[in-house]
Each structure stands twice: as C-alpha cells, then as structure tokens.
Amino acid sequence: MKPLINSLSNQKNSNSIILTTFNDFSNWARLSSLWPLLYGTSCCFIEFASLIGSRFDFDRYGLVPRSSPRQADLIITAGTVTMKMAPSLVRLYEQMPEPKYVIAMGACTITGGMFSTDSYSTVRGVDKLIPVDIYLPGCPPKPEAIIDAIIKLRKKVAQETYKDKYKFKQGERYLTLNHKFNFVSTEQSDKKLYSQLSKTQVNSTLDTFDSTEKKKNLTFLLRSEDNKKNIQNK
Amino acid sequence: MLNTYTNNSTTTTKMQGRLSAWLAKHKLAHRPLGFDYQGVEILQIRSENWLSIAVALYVYGFNYLRSQCAYDVAPGGLLASVYHFTKIQDNADQPEEICIKIFVSRQRSKIPSVFWIWKSADFQERESYDMLGISYENHPRLKRILMPDTWIGWPLRKDYIVPDFYELQDAY
C-alpha cells in the first residue's frame, strides 16, 4: 500500500480520495493509539517493560505508556493482584475513560496462577474485579506474546460498531459484592445470632434476586388490590 | 523441632556450644538446642528473659541482626520467633553466629521487641506480628505490614481458616 503522504505530495493526483465508513475510520484511529496504563505489580511487568525499550518497541503499535489512568485506553494487568491491591485496581479501571480495554497478562491474573490453590491473599483471576478483553497466558508471557495480544486487541477494536457501546452498561459490567462483616459478640444469645445470619444471607444475594422478589411483591400487591376491588364490587 | 525442644538435660549438655557456656558462666537462663546444619549454635530463651539476654548478646559482640522470622510449631501448639545474629568486625573472615529461638503460647504470645537494640528488627517484627500475631512489646509501631489493616486473623498460623471471599474463590 502506498503511503498517504506520497499521494498528497504528488500534485498530479491532487483529487485522491479515501473511501471508508466513519465507523471504520474512528476504529482505525482508536486502534492506532491504544495507550496503556503503566501498571505492574510483579514479575510480568519486567516483561512488559522490555516492550517499552528499543528491542521490542511497542511505540510502533501506537502504544504510548501513560502514568495517569485518565489518559489511558488500555490496562495490562501485569502481575499478581492481591486482596490489598484489588480496590486500587478497580479504582484505576474506573478512572480510565471509555472506551477502555483490559488485557489480563500472565497466569496470576487469569486464575491466580501458582497462588490459586492455597493462598489467603491472591485474587483468583482479575476478571473477578474488572471485565477482561484478552487473556494472555504465560508465566510470565514473552514480549512477543504481549505483542500478539495487542494485535488481537487491535482486531477486536477494528470490528467494533457503534451498537457495541450500548451492549454493556458501566454499572453491570463487573460484579461487585460488598463484604458484610458482622462482629458477633459471644454474649449475644443464639436467637439474635441466627436472625442476623438469616438477614445477611438475604442481603448478600445478587441484585437479580432482589429484583425478582420486588416483582413478586408487586404482583402480590396488585392481586390484593384486585381482591379488594372485587370485594367492594360485591 | 519439637523433639529438640523437649530434650532433657542429659542430652543438652552434650550439645552445649561456646555461647551457651558463656551465658552459663554469667548465669543467664537459656537452653541449648544443638546446632543447625551449618554448625550454628541454637539457643532457646524464655520470653521473660529475652530482653536482658538480648542486651548481653549485644555486649558480647553480636552487633548485626541478620534475620528475624517466626513460625507456627504445630497446630494448636507454640509459636516460635527466631533470631539470627552475627558478630561483624573489620576484615571478618568467619564471623561468629548464633540462632535464638523463643517459644510462646498462641494465647499469650508476647515477646519483648529488640527494636531498641537492633533497629533492623523493625519491619521484621512487624511482619511476624502480621503473619502470626506475635505481639512484640515496646515495638514503636506494631501494625500490619503486608496484609490490609482491616484484615482479621493471622494468616500463617496453622489453624487459620481463609475467609470465603468472592475474590478468593478458585477459578475452577
């Protein structure tokens, strides 16, 4: 393919045009400047950092590392994410402007990796916290593998349409569960304790459960109103 | 470990080392636990004697706390705090070393902090507190160092039960 600049500088074909859809054009612009957030928590970032240097040089894919989540389009979760890091990671993700993409890099961020069986602190896969677009396996993945993941992400971005934006709403994209600790003193009677436990069980279920319950309640109310009307009519 | 800990006095006299003899000469309470694989002398010291003996060790010449760590001896059993000291001098070729072990019960796990003698004990004692819940008395800022401040429980104790958080549930 001939570069664009040559055709422009060539005065003989000054009326050269590009035919494309606006969607493709904007996608092309976006995929050519996927700015990743400089985020790394352990050894995977060493591999990721080698991409910044001249040997693997991810600037040629338009990746310019950003130190602020406000300017980043992409977060590559390089390294183990612990329970202590999890709120910070979610916050960083939430601070990134839409559209935003996540590459889960390395075994730790996919399933917890070698910490997945008997760890008290490692989050078992970063997809429990934020939605992941590309899973990049390896322990750690080679820089070539990261480039491959970025190429796959570019393909994904290229195929996006305007409708895709509305497929996922921000609020529903990832599951957030509030941990509900209840300090139960030993002086409390068993009755109180059991009632508290049953309450928390109901509360800790997902929103879907709440909504269905509400619907049931609504239908029940409607029915009772109908019954009242019937009674009054009679 | 438990076997060496419960040894009677007849066997301990055989494995008395140099420092044990020095401590015995100065009438400082201790119990020799033999030698490790490198021939470093291991001494057990009771928690209540630890501060005075630590000062004595410093006077003896152990000016470098090489490591401080802790472990859980057995489920429901004792907690151990381990100290490795080295005598550092100019042109030291084979510096003298010593290993101190302090066993405390997990209900009343109180050990005097050696921070005021060896400043490098600061973070290491904090980590031992964080992981095993050994409270080091007179430590300047004894709080969790690795786990979140809100964490409940001591993760490296053998009877620790991991909370069933959504984030900690295995992927499979």
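The values are calculated or read from the model by the stated rules, or taken from the named source; none is laboratory data. Please read these numbers as outputs of a predicted model, since none were measured by experiment. Please note: Cβ atoms are built from the backbone with ideal geometry, for glycine as well, and neighbour counts cover all protein chains shown. Surface accessibility is based on the protein's heavy atoms, side chains included, excluding ligands, DNA and RNA. Shrake-Rupley method; radii C 1.70, N 1.55, O 1.52, S 1.80 Å.
What the table shows:
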item	result
Positive minus negative residues near A:T111 (Lys, Arg vs Asp, Glu; Cβ under 12 Å)	0
Loop-exposed trypsin sites (Lys or Arg not before Pro) per DSSP, neighbour cap 11 Cβ within 10 angstrom, longest uninterrupted part of chain B	B:28-107
Reduction of at least 40 Å² in accessible surface, 1.4 Å probe, comparing all protein chains with the chain by itself, residues of the stretch A:105-137	A:Y120, A:R124, A:K128
Residue-by-residue Karplus 3J(HN,Hα) for the stretch A:52-59, coefficients 6.51, -1.76, 1.60, Hz, glycine and proline x	6, x, 6, 5, 9, 6, 7, 5
Rounded Å value of the spacing that divides the Cα centres of the stretch A:85-123 and the stretch B:118-172	22 Å
Amide proton proximity set for B:L78, modelled H, under 5 Å, gap of 5+	B:V73
Solvent-accessible area per residue, Å², over chain B with all protein chains present [probe radius 1.4 Å]	55 Å²
Derived scalar couplings ³J(HN,Hα) [the stretch A:138-150; Karplus, 6.51 cos²θ - 1.76 cosθ + 1.60; whole Hz; x for Gly, Pro]	x, 9, x, x, 6, x, 4, 5, 5, 4, 4, 4, 5
Interface size B-A, as summed buried accessible area [1.4 Å probe, Å², nearest 100]	1700 Å²
For B:G34, residues with placed amide H under 5 Å, excluding near neighbours	B:I42
For chain B: span of alpha carbons on each principal axis (Å, largest first)	57, 36, 30
Contact order relative to length of chain B, as percent, for alpha carbon pairs under 8 angstrom and 6 or more apart	17 percent
Most mobile of B:Q94, B:Q124, B:Q107 in a GNM of chain B (Cα contacts under 10 Å)	B:Q94
Whole-Hz couplings from phi, Karplus 6.51/-1.76/1.60, listed for the stretch B:88-105; x for Gly and Pro	9, 9, 5, 6, 6, 9, 10, x, 5, 10, 8, 10, 10, 10, 10, 9, 10, 6
